[in-house]
Amino acid sequence: MARAVSTRRKLFYTAAAWSVALLIFFPVLWTILTSFKTEASAVASPPELFTADWTLDNYAEVWGRSDYPRFFWNSVVISVGSTLLGLLIAIPAAWSMAFVPGPRTKDLLMWMLSTKMMPAAAVLIPMYLIFQRTGLFDTRTGLVLALMLMNLPVIVWMLYTYFKEIPVEILEAARMDGASLKNEIIYVLTPMAIPGIASTMLLNIILAWNEAFWTITLTTTKAAPLSAFIASFSAPQGLFYAKLSAASTMAIAPILILGWFSQKQLVRGLTFGAVK
Amino acid sequence: MATQSSRTAARLMVAPSVTVLFIWMIVPLAMTLWFSFRVYRLLSPERTGWVGFRNFAWFFNSPDFWLTIVNTLALVGGVLAITIILGVLIALLIDLPVWGQGPLRILVISPFFVMPPVAASIWENLFMHPQNGMFAAAAIGLGMKPILFLESYPMSSVIFIVSWEWLPFATLILLTALQSLSSEQLEAAEMDGASALNRFRYIVLPHLTRAITVVILIQTIFLLGIFGEIFTTTQGGPGSASTTLPYSIYKQAVIAKDIGRAAAGGIIAVILANIVAYFLMRSMGKNLDA
């Protein structure tokens, strides 16, 4: 609903909007800046926004002290793996709910979402026991399964809302032109479905990457991802602010960058199709 | 196109999702229900047997039970109120004609990408820490005593941190909704002499109802299970001042090692979630049709 306004007004609006946005972003910016400071200047009073002696030592030390590549790789495998597995199961379901809706489709979708309402802590013990018994405890396979199931309702919902926007008429037109079911799927439906699948995938990678309950409680060392890596950096007591900031930056940077590049698609997917 | 065979095919395609979700939901739930009526302590494994509702009674009779419930609901309600009110205001601000709306959105969405343990530890150490935090530095600069955020106001501090994490979500969904509002309608109302407040109340706010409903539904699902932020910052303390239901279950299971009681807490949490879900789904279902 943008409207034409005078330049001076626009300047005023811009200044106000940027101030608020920078305020919201500031904790992230401050963490990144602190990660390049020496420990002394990280706790300087009054705080220094910029320091005179930039350093990469914190990164070197965090890198040397913990096995960052292993945590990172676990995060990648778990978030990408659970998302791909989820898509594999969810695409047929969302597909048929969107194109062959039955009288109970809406109830089924609501039920799926309601399974997410059960607090994870409520089923911690059974999950722990099941994982111990089946040998899934502290394995990447176990976390891929757990996070896939945790995010499956969201994946189905998002895909459903995307697929619902594909006009059915176009299928009928293709069929009238003599397209076989196989060709219909390959040449008509797939190209129209890909953007929705892509943005569902992105959002779920982010959700899985940031998951911090099952990833911490169901792992010890072997399969621990970055959420456990950061939880292991215990209370720093003021002396290790720069290192804590470096570790934090290393944990969030991959997903922050991925998110920045895809924010438009993400926001659209996040609305569950209910907001245009 | 819904012939008999395509309906059968459709059911087969839905079946895997429904089956795995059903198992994922029912097996742990059944086990939790079973444990909740039994003695099951990891520290004295020789004692077993049925105890009826004793585990539940322990929860209801513990002096902190109602505080825990109130904290859980305060966290959900507080974060919803803050993120929706600020979200509407910020969305209105960004929706004004401004330079650089793209970069603005990137700045605003950033907290959403920060994983909960990192968000909590940034706020706890770099900002709220009573000696070295930025708030303490600001207080000293102004000649005041630093506030012990996590000790004196633990629940408010947790609500503040979680609100920061969820503000981008609310803001961006509300912004998306705002941008689909036609400017003609607003201009017509302006020409007819409607004040800015009335235009907001009678045109903008009704247009946002659906978006606000979506924000409430999705956030509630995630907020009911908030754990990482409390685990990282206050550990539910001081005392039980910031213990929510999920955290108190965690304490029973992992610290007290009493599986029976933790399971009873789990069942209470499921009942609470169902009560909340019932009211949400009813209002949400209506708004999602159309």
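The values are calculated or read from the model by the stated rules, or taken from the named source; none is laboratory data. Model, not experiment: these values are computed from the prediction. Every residue, glycine as well, gets a Cβ built from its backbone with ideal geometry; the counts of neighbours run over all protein chains shown.
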Original post:
Looking at (1) in a helix (DSSP H, G or I); (2) facing chain B (nearest Cβ under 10 Å), which is the one condition that is false for A:Thr83?
Top reply: (2)
Subject >> Leading residue by the ranking (farthest from the chain's Cα centre (by Cα)) among those in region A:35-55 that are surrounded by 17 or more Cβ atoms within 10 Å (Cβ to Cβ) and aliphatic (A, V, I, L, M) >> reply: A:Val43
Subject >> Criterion: part of a helix (DSSP H, G or I) and without any contact (Cβ under 8 Å) to a residue 60 or more places away in the chain - qualifying residue of B:Ala139, B:Ala170 >> reply: B:Ala139
Subject >> Some residue of region A:18-28 being surrounded by fewer than 19 Cβ atoms within 10 Å (Cβ to Cβ), under 31 Å from the mean Cα position of the chain (by Cα) and not in a helix (DSSP H, G or I) >> reply: no
Original post:
Among the residues of region B:53-74 satisfying the criterion of being β-branched (Val, Ile, Thr) and within 15 Å of the chain's Cα centre (by Cα), which is nearest to B:Ile268 (Cα to Cα)?
Top reply: B:Ile69
**OP:** Filter region A:56-69 down to residues that are of a type in the set (S, T, N, Q) and either buried (at least 16 other Cβ atoms within 10 Å of the Cβ) or farther than 21 Å from A:Ile230 by Cα (or both), then give me how many there are.
**Re:** 1
**OP:** Collect the residues in region A:142-164 that are of a type in the set (Ser, Thr, Tyr) and either surrounded by fewer than 23 Cβ atoms within 10 Å (Cβ to Cβ) or touching a Pro at 6+ places or on another chain (Cβ under 9 Å) (or both), keeping them in residue-number order.
**Re:** A:Thr161, A:Tyr162
Original post:
Which one is nearest to the other protein chains (Cβ to nearest Cβ) among residues in region A:28-45 that are among the aliphatic types (A, V, I, L, M) and over 25 Å from B:Ile106 (Cα atoms)?
Top reply: A:Val43
**OP:** List every residue pair whose Cβ atoms sit under 6 Å apart, with the two residues 6 or more apart in sequence or on different chains, where the first one lies in region A:95-118 and is free of Cβ contacts under 8 Å to residues at least 60 places away in the same chain and the second, anywhere, is surrounded by fewer than 17 Cβ atoms within 10 Å (Cβ to Cβ).
**Re:** A:Val100/B:Ala2; A:Val100/B:Ser6
**OP:** Look at B:Pro111 and say whether it is over 14 Å from B:Thr233 (Cβ atoms), within 7 Å of another protein chain (Cβ to nearest Cβ) and outside any loop (DSSP other than H, G, I, E, B).
**Re:** yes
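Grab the helices (runs of 4 or more DSSP H) fully contained in region B:1-100, keeping just those with 1 or more residues being more than 13 Å from chain A (Cβ to nearest Cβ) and modelled with pLDDT of 85 or more.
Helices (runs of 4 or more DSSP H) meeting the threshold: B:54-61, B:65-95.
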Original post:
Can you tell which of A:Trp54, A:Trp73 is more than 14 Å from chain B (Cβ to nearest Cβ) and part of a loop (DSSP other than H, G, I, E, B)?
Top reply: A:Trp54
**OP:** Provide a single number: the residues in region B:140-162 that are hydroxyl-bearing (Ser, Thr, Tyr) and crowded, with 20+ Cβ neighbours inside 10 Å.
**Re:** 1
**OP:** Sort out which residues of region A:119-135 are free of Cβ contacts under 8 Å to residues at least 40 places away in the same chain, more than 9 Å from chain B (Cβ to nearest Cβ) and closer than 26 Å to B:Ile267 by Cβ, and write them in order of number.
**Re:** A:Gln132, A:Arg133, A:Thr134
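Of all residues in region A:173-199, which are charged (D, E, K, R), assigned to a helix (DSSP H, G or I) and loosely packed, with under 11 Cβ neighbours inside 10 Å? If you could, list the steps in order and put the result at the bottom.
Taking region A:173-199 as the starting set, the residues that turn out to be charged (D, E, K, R) are A:175, A:177, A:182, A:184.
After this cut, where a residue has to be assigned to a helix (DSSP H, G or I) as well, the list is A:175, A:182, A:184.
Passing the criteria: only A:Lys182.
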Original post:
Are any residues in region B:90-103 surrounded by fewer than 22 Cβ atoms within 10 Å (Cβ to Cβ) and either of a type in the set (A, V, I, L, M) or within 17 Å of the chain's Cα centre (by Cα) (or both), and if so, which ones?
Top reply: B:Leu92, B:Leu93, B:Leu96, B:Val98
**OP:** Please give the helices (runs of 4 or more DSSP H) falling wholly within region B:174-224 in which 3 or more residues are facing chain A (nearest Cβ under 8 Å) and in contact with a Ser or Thr (Cβ under 8 Å, 6 or more places away or on another chain).
**Re:** B:205-223
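Per-residue answers, yes or no, for (1) more than 12 Å from every other protein chain (Cβ to nearest Cβ); (2) touching a Phe, Trp or Tyr at 6+ places or on another chain (Cβ under 8 Å):
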{"site": "A:Ser96", "(1), (2)": "no, no"}
{"site": "A:Leu108", "(1), (2)": "no, no"}
{"site": "A:Met176", "(1), (2)": "yes, no"}
{"site": "A:Ala179", "(1), (2)": "yes, yes"}
{"site": "A:Tyr187", "(1), (2)": "yes, no"}
**OP:** Consider only pairs whose beta carbons are under 8 Å apart and that are at least six residues apart or on different chains; among these, list those whose first residue lies in region B:243-272 and is more than 7 Å from chain A (Cβ to nearest Cβ) and whose second residue is of a type in the set (D, E, K, R) and assigned to a helix (DSSP H, G or I).
**Re:** B:Thr243/B:Lys251; B:Gln252/B:Arg261
